[in-house]
1. Could you run through the stretch 123-138 and say how many residues are closer than 21 Å to residue 46 by Cα and either over 16 Å from the mean Cα position of the chain (by Cα) or in a loop (DSSP other than H, G, I, E, B) (or both)?
2. When residues of the stretch 12-34 are filtered for being more than 25 Å from residue 63 (Cβ to Cβ) and modelled with pLDDT under 95, how many remain?
3. Could you go through the stretch 109-117 and let me know if any residue there is in contact (Cβ under 8 Å) with a residue 40 or more places away in the chain and over 21 Å from residue 47 (Cβ atoms).
4. Got a sec? Which of 86, 91 is free of Cβ contacts under 8 Å to residues at least 60 places away in the same chain and under 23 Å from residue 121 (Cα atoms)?
5. Identify all residues within the stretch 139-149 that are in contact with a strand residue (DSSP E or B) (Cβ under 8 Å, 6 or more places away or on another chain) and either crowded, with 17+ Cβ neighbours inside 10 Å or in a loop (DSSP other than H, G, I, E, B) (or both); write none if there are none.
6. Which one is nearest to residue 44 (Cα to Cα) among residues in the stretch 1-29 that are touching a residue at least 12 places away in the same chain (Cβ under 8 Å), open to solvent by 40 Å² or more (accessible area, probe 1.4 Å) and of a type in the set (Gly, Ala, Ser)?
7. Which condition from (1) touching a residue at least 12 places away in the same chain (Cβ under 8 Å); (2) under 26 Å from residue 121 (Cα atoms); (3) open to solvent by 60 Å² or more (accessible area, probe 1.4 Å) is the one that residue 51 breaks?
8. Exactly one condition in (1) in a helix (DSSP H, G or I); (2) touching a helix residue (DSSP H, G or I) at 6+ places or on another chain (Cβ under 7 Å); (3) hydrophobic (A, V, I, L, M, F, W, C) is not met by residue 107; state its number.
Amino acid sequence: MAHGFDDYRIFISAPGDLDPDRQSCYDAISAVNENCSMPAKVLLVSVGLRENVQIEANRSIVSDNVRWSSYFIQLFQDDWGPRDLFRKLLFVALECKDDPAMPMRDVLICLKDAPHETNPQILAFRAELEALENVRLIRYSRPEEARQQIAEVCTAWAESIIAAKAAISPQA
């Protein structure tokens, strides 16, 4: 059914116990749709996994969903998830971003603060994320803070889409 909107998929990925943080992504995207993108007939569509077991049981389909997405948001705090599969998913997104033939436009990593962390493996994991190039990285301490920062990034994405759309058809 035709709806008249140009849609752009945002794949949201979050291992472990970050369900409230993941919900902050959905809330931010909904607010951006309502306040910014939908009036311009643009829709940011949230896709992703609800549970970690889905990445293990459906790895190929999950990777394909990332490949079909325009944006990728990855939330992390202390590990790569089961069998490091969220690391592999992040690198699928980065490969897609680097390939001009793919729809991926941007990758956002949201790194939740862990001020009392002393485990060397977790600290190394966090350092690896911070050293990644060609990604946006935000740090946050609470889901509400993540929601605000994610909304700012998604607003910039929506404004970029709207500007490009206006440049193609100035009468719109």
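The values are calculated or read from the model by the stated rules, or taken from the named source; none is laboratory data. A quick note: this is a predicted structure, and the numbers were derived from the prediction, not measured. Positions of Cβ are backbone-derived with ideal geometry, glycine not excepted, and every protein chain shown enters the neighbour counts. The area values use the complete protein model at the heavy-atom level, side chains included, leaving out ligands, DNA and RNA. Shrake-Rupley method; radii C 1.70, N 1.55, O 1.52, S 1.80 Å.
1. Step one: list which residues in the stretch 123-138 are closer than 21 Å to residue 46 by Cα, which gives 135-138.
Filter once more, so that each one left must be either over 16 Å from the mean Cα position of the chain (by Cα) or in a loop (DSSP other than H, G, I, E, B) (or both): 135.
Result for the stretch 123-138: 1.
2. Within the stretch 12-34, the first condition is being more than 25 Å from residue 63 (Cβ to Cβ), and the residues that meet it are 20, 27, 30-34.
Still in the running and modelled with pLDDT under 95: 20.
Number satisfying all stated conditions: 1.
3. Start the filter on the stretch 109-117 by keeping residues that are in contact (Cβ under 8 Å) with a residue 40 or more places away in the chain, which leaves 110, 112.
With over 21 Å from residue 47 (Cβ atoms) added as a condition, the list becomes 112.
Scanning the stretch 109-117 turns up at least one residue that is in contact (Cβ under 8 Å) with a residue 40 or more places away in the chain and over 21 Å from residue 47 (Cβ atoms).
4. Working: 86 fails: free of Cβ contacts under 8 Å to residues at least 60 places away in the same chain.
Criteria check complete, one pass: 91.
5. Hits for the stretch 139-149 are 140, 141, 146, 149.
6. Looking at residues that are touching a residue at least 12 places away in the same chain (Cβ under 8 Å), open to solvent by 40 Å² or more (accessible area, probe 1.4 Å) and of a type in the set (Gly, Ala, Ser), I get 4.
7. (1)
8. Unmet condition: (1).
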